[in-house]
Structure formats: structure tokens, C-alpha cells
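In what follows, a single structure is set out as C-alpha cells and then discussed.
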Amino acid sequence: MKITFQMALAGLNPILAQSSGSLSSGASSALGIVMLIGFLFGTLCVIAGGFAIRRGDADAGKLSIVGGLIIAGAPVIVKALFVAFGIGSSTVDVGSFQ
């Protein structure tokens with residue numbers, strides 16, 4: 001039984017996940033998705049900081065605003081560091097998210 005089943009499966013070609021692009025294009029798309037999520041989360045932190053200041057909690061509001069700006073601007077900060085250290089033309093770069 002086991003041998004017959006294996007012989008029947010031997011004629012089938014397995015359907016595996018195929019990549020149409022290279023590894024760097026896939027990593028670039030993944031970084032684009034991470035950048036999009038980080039930008040949305042950072043924007044929400046800035047808005048929450050504004051509401052905290054409105055409620056009277058100025059310290060927590062300022063920290064939330066600064067943290068949100070750092071989160072939302074992280075790709076720009078990292079790209080500036082890459083250029084400053086001379087590796088601005090790296091293989092994997094944040095691509096456009098469509």
C-alpha cells in the first residue's frame with residue numbers, strides 16, 4: 001500500500017512557493033510594509049500625545065509626541081545614517097509600497 005501510494009505521488013510535480021523576483025526586491029517590499037505600519041503607529045502616538053496634553057498630562061503628552069515622531073521618521077533617520085556612513089547605495093532599500 002505504501003509503495004503504491006509513493007509511486008502514484010512520484011508522477012505529480014509538487015506545487016511550491018515560487019518567487020518571481022530576487023531576494024533584494026522581496027526584502028525591499030517587506031521594508032516598505034514595515035515602514036507603512038510604523039508611520040501609521042507613529043501618527044497615532046502623536047495624536048494620542050496631543051490628547052494627553054489636552055487632558056492636562058503634559059509630560060506624558062510630550063513623550064508620546066517625541067516617540068511618535070521618532071517611530072514615524074525611522075526610515076528617514078536610518079537612510080540618513082546609511083548615507084552618512086557611506087553605504088547609501090545598499091542592496092536592500094525601502095522601496096515604494098503599492
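The values are calculated or read from the model by the stated rules, or taken from the named source; none is laboratory data. Keep in mind that this is a model prediction, so the values were computed, not measured. Neighbour counts are summed over all protein chains in view; Cβ atoms, including those assigned to glycine, are modelled from backbone coordinates with ideal geometry.
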Out of ALA80, ALA60, ALA72, report the one residue that is within 14 Å of LEU36 (Cα to Cα) and either at pLDDT below 80 or not charged (D, E, K, R) (or both).
-> ALA72
Restricting attention to the stretch 11-24, does a residue exist that is modelled with pLDDT under 70, out of contact with any strand residue (DSSP E or B) (no Cβ under 8 Å at 6 or more places or on another chain) and assigned to a helix (DSSP H, G or I)?
-> yes
